[in-house]
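Worksheet: one structure, shown below.
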Amino acid sequence: MRNRGERLMYIIVDDRESVANSYVGGLDREGVSSIGFSSGEFWDWLQSANESDLAAVDAFLLGDCDTRGSLPRAMRKRSSAPIIAMSGQKMLKNTLELFESGVDDVVYVPIHLREILARTAAIARRRVGDLPRPCETRIQVFFNGRDPEIGGRALTLPRRELRILEYMVGNHGKWITKTQIFNAVYGIFEATFDESVIESHVSKLRKKLRDRLGFDAIVARRYVGYRLNIPAGEAIDESMQDLGEVGILLNRAHAAPAAYPAGN
């Protein structure tokens, strides 16, 4: 399977700056965009972040901070992204308290970041599994770096067009803005590129889909954004493979083992 280089976005919350920086560096080596906040900085960001920025976050990693017991519920009010608590105490009481606070999973440090990525993928996979599954499929998007298929034939896409298609499939039927797409592709803290690049990416993707399907699958509306619109008879399959193939996250694996700090 090829690593298509999609840039996910993780946010690490930890009052120990050196530990947060260590996770940011480790995630970067795994091909994942991330940023570290202290609990106070994160609270300020959470209150001021717009919906587009929040929608671009793939997961929150909650480390050691004084407000860890109350933050998850505040985070859940603004985002549905997985919240994974990282704990240095493998004690039942501590674990139960973390789950009661509203986190989706608890991991114990030191831990390899690939395990965290796999757990995040498993949470996403379960949520996708709760959605109604179409009985007929013409477009298949695998969310694992594999080329999408249209009518059973692979459609090779550059990595950014693939990421856009994945994002649109995840929001099928909904209007999404250029800003939302930009954040999903480039990350919410990217300053190198301008949002206008999205127009070119979407235009190219739209043409390729139209050539294969015979109709415009992407609807564009000025000042509103874009919408993936597949008629009922051309349903989209959002199926994901078993945990061993959640490649959009796992393809970032490196051969050399590495452990990340417990933060003590």
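The values are calculated or read from the model by the stated rules, or taken from the named source; none is laboratory data. Computed from a predicted structure; not experimentally measured. Quick reminder, even Gly has a Cβ in these numbers, built from the backbone with ideal geometry, and neighbours come from all protein chains shown. These accessible areas exclude ligands, DNA and RNA; they are computed on the full protein's heavy atoms, side chains included. Shrake-Rupley method; radii C 1.70, N 1.55, O 1.52, S 1.80 Å.
Observations on the model:
- Accessible area of the range 31-174 divided out per residue, in Å², using a probe of 1.4 angstrom: 46 Å²
- Förster radius 30 Å - calculated FRET efficiency between residue 95 and residue 48 (Cβ-Cβ, nearest 0.05): 0.40
- Trypsin sites (Lys or Arg not before Pro) within the range 48-121: DSSP coil, no more than 15 neighbouring Cβ in 10 Å: 90
- Set of lysines near residue 174 by C-alpha distance (under 28 Å), chain-local residues within fewer than 8 positions excluded: 77, 204, 207, 208
- Two-decimal log10 I(q)/I(0) for the range 139-228, as the Debye equation yields it once each C-alpha is a single scatterer, q = 0.22 Å⁻¹: -1.15
- Estimated FRET transfer efficiency when R0 is 41 angstrom, pair residue 222-residue 29 (beta carbons, to 0.05): 0.50
- In this structure the amide hydrogen of residue 87, modeled in the peptide plane, comes within under 5 Å of the amide hydrogens of 107, 108, 109, none closer than 5 places in sequence on its chain.
- Relative to the current alpha-carbon distance between residue 80 and residue 194, full extension at 0.36 nm per residue lengthens the span by 38.4 nm.
- Stretched out straight at 0.36 nm per residue, the stretch from residue 207 to residue 38 would grow longer than its current Cα-Cα span by 56.4 nm.
- Residue 66-residue 18 pseudo-label distance in nm [points 7 Å out on the Cα-to-Cβ vector]: 2.1 nm
- Loop-located trypsin sites (Lys or Arg not before Pro) in the range 149-213 (DSSP state other than H, G, I, E, B) with a sparse environment of at most 16 neighbouring Cβ atoms within 10 Å: 174.
- 5 angstrom amide H check on residue 145, placed H, neighbours 5+ away: 248
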